[in-house]
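Input: a single structure, listed below in structure tokens.
The values are calculated or read from the model by the stated rules, or taken from the named source; none is laboratory data. Model, not experiment: these values are computed from the prediction. Glycine gets a Cβ as well: all are built from the backbone with ideal geometry, and neighbour counts include every protein chain shown. Accessible surface is based on the protein model in full, side chains and every heavy atom, while ligands, DNA and RNA are left aside. Shrake-Rupley method; radii C 1.70, N 1.55, O 1.52, S 1.80 Å.
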Amino acid sequence: MPINWKKIDDSPKPAQGKPIPQLATPEMERLETFDARKPQRCLEDLIVSESIMTQIQTTLNRIRHHDTLYHTWNLKKIDPHGRRTAINFFGPPGTGKTFCAEAIAHHLGKSIITVNYAEIESKYVGETPKNITAAFKKAKETDAVLFFDEADSILGKRLTSVTQSADHGVNVSRSVMLLQLDDFDGVVIFASNLPENYDGAFVRRILAHIEFELPDQVCRERLWNYLLPAEVPKSPDITVEWLAAQSEGLAGGDILNVVKLAASQAVARSEGRCQVFQDDFLAAIAQVRRGKEKVGVVSSQKAPPIVKETILSPDELSPELRDRYEESLSKLSVNNSQSVT
């Protein structure tokens, strides 16, 4: 190279002041699927029976007084890895399970990650366990309460007769869920309308199983007070006592639908009659009841087959059946005569 010539570096250089964009990895995309959000519900607004609230408070004591229980009272001797708190809510739809999960997160000052079956399940073999792992990892990173809705789809019994790759994938997913649950130090809540489908291995790992029952008269009165805004114009003969008596057997979610239906019926009336009457509530309650009784029942329970019985005379039988019929009669006659002698 001649003297005083400078070597030119023509290798590409990143633009000054502009960060190099980071490519999203599949793991990062999975983590972004699960959003840790601020809970909007609180325990003071939860309307359940005194028995259910006592069970909830007892479970929360396990979290609030962890140091006393595990260090002063030495529960760590029998439960060395006692940081995880797993709770299971079960019962009919609309009884407050999801509301309670969010209220617990609010009470603990944590965000909540809600996971449903559609976000966990994957049509690709091997992806579902990765999604489960990502949900737990996101909860650890954000210190969030992890809430699994429709948990029976995720905690179902493992298959004993594996005939295809999909069956093997189900068992792998269940095993990964068990491992992640054992390694989790936070609060995880499950909710289900079908708890009988749970695998026994999960049942043993859950600290408290709390049944959410349909509200009694007192709870229904409190629900009507909470769910029927004071701004809704209504006739003077409508009281929470009357509404609670008319809505026996309905859950909180059902009462919410009744309020919306009744209000929607009244809102289009002329100015003088633009208010909700007793008939509006009665019609809405009847509509909700019909839906609960008829929609989704036939599909989940197979109706017994209808057997129609038709009696034929010997002359109506086909020749082959008639010969067999007469042969049976002759044998029966011989047997009867032998027994008599």
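Taking the Cα centre of segment 45-106 as origin and charging only Cβ (+1 Lys, Arg; -1 Asp, Glu), how large is the dipole, in debye to the nearest 20?
That gives segment 45-106 a dipole magnitude of about 340 debye.
Which value, in debye to the nearest 20, describes the size of the charge dipole of segment 111-153 about its Cα centre when Lys and Arg Cβ atoms bear +1, Asp and Glu Cβ atoms bear -1, and nothing else is charged? Show your work: numbers first, answer last.
Working: 5 positive and 8 negative charges, 50 e Å.
Dipole size: approximately 240 debye.
Can you compute the modelled spin-label distance between D237 and T58, with each label point 7 Å from Cα toward Cβ, in nm?
Placing both labels 7 Å along Cα→Cβ, they lie 4.5 nm apart.
Hey, rough spin-label estimate for E50 and H66, points 7 angstrom out along Cα→Cβ, what's it come to in nanometres?
Label-label distance for E50 and H66, simple model: 3.2 nm.
For a 24 Å ceiling on Cα separation, which of these pairs sit above it: K260/K294; K260/K292; K234/K294? Mind dumping the intermediate values first?
Working: K260/K294 20 Å; K260/K292 16 Å; K234/K294 30 Å.
From the list (K260/K294; K260/K292; K234/K294), the Cα-Cα distance tops 24 Å for K234/K294.
If you wrap a convex hull around the alpha carbons of segment 231-283, what volume per residue comes out, as a whole number of Å³? Let's see the in-between values first.
Working: hull volume 4.2 nm³, N = 53.
Dividing the Cα hull volume of segment 231-283 by its residues yields 79 Å³.
In debye, nearest 20: dipole of segment 119-276 around its Cα centre with unit charges on the Cβ of K, R (+) and D, E (-)? Intermediate values should be presented prior to the final figure.
Working: 16 positive and 24 negative charges, 67 e Å.
Around 320 debye, computed over segment 119-276.
Segment 36-113: Rg/Rh from Cα coordinates, Kirkwood Rh? Don't jump to the answer; show the numbers that get you there.
Details: Rg = 14.0 Å, Rh = 13.8 Å.
Using only Cα positions, Rg/Rh for segment 36-113 is 1.01.
Just to verify a number: what accessible area does E32 come out at with the full protein assembly present, 1.4 Å probe, Å² rounded to tens?
Surface accessible to solvent at E32 totals approximately 130 Å².
Taking Rh as the Kirkwood radius, which is the inverse of the mean 1/r over Cα pairs, what is the Rg/Rh value for segment 143-282?
On the way: Rg = 22.5 Å, Rh = 18.8 Å.
Dividing the radius of gyration by the Kirkwood radius yields 1.20.
Work out Dmax and Rg for segment 43-202 from the C-alpha atoms and quote the Rg first, both in angstrom.
In Å, with Rg to one decimal and Dmax whole: 16.5, 51.
Which FRET efficiency value, to the nearest 0.05, is calculated for Y117 and R269 with the Förster distance at 56 angstrom and r the Cβ-Cβ distance? Kindly include the intermediate steps, with their values, before the conclusion.
Numbers: r = 42 Å, r/R0 = 0.75.
Between Y117 and R269 the formula returns 0.85.
Of the peptides 206-213, 66-73, how do they stack up when ordered by the mean number of other Cβ atoms within 10 Å, highest first? All intermediate terms of the calculation are to be shown ahead of the outcome.
Details: 206-213: 17.4, 66-73: 12.5.
Sorting 206-213, 66-73 by mean packing, highest first, produces 206-213, 66-73.
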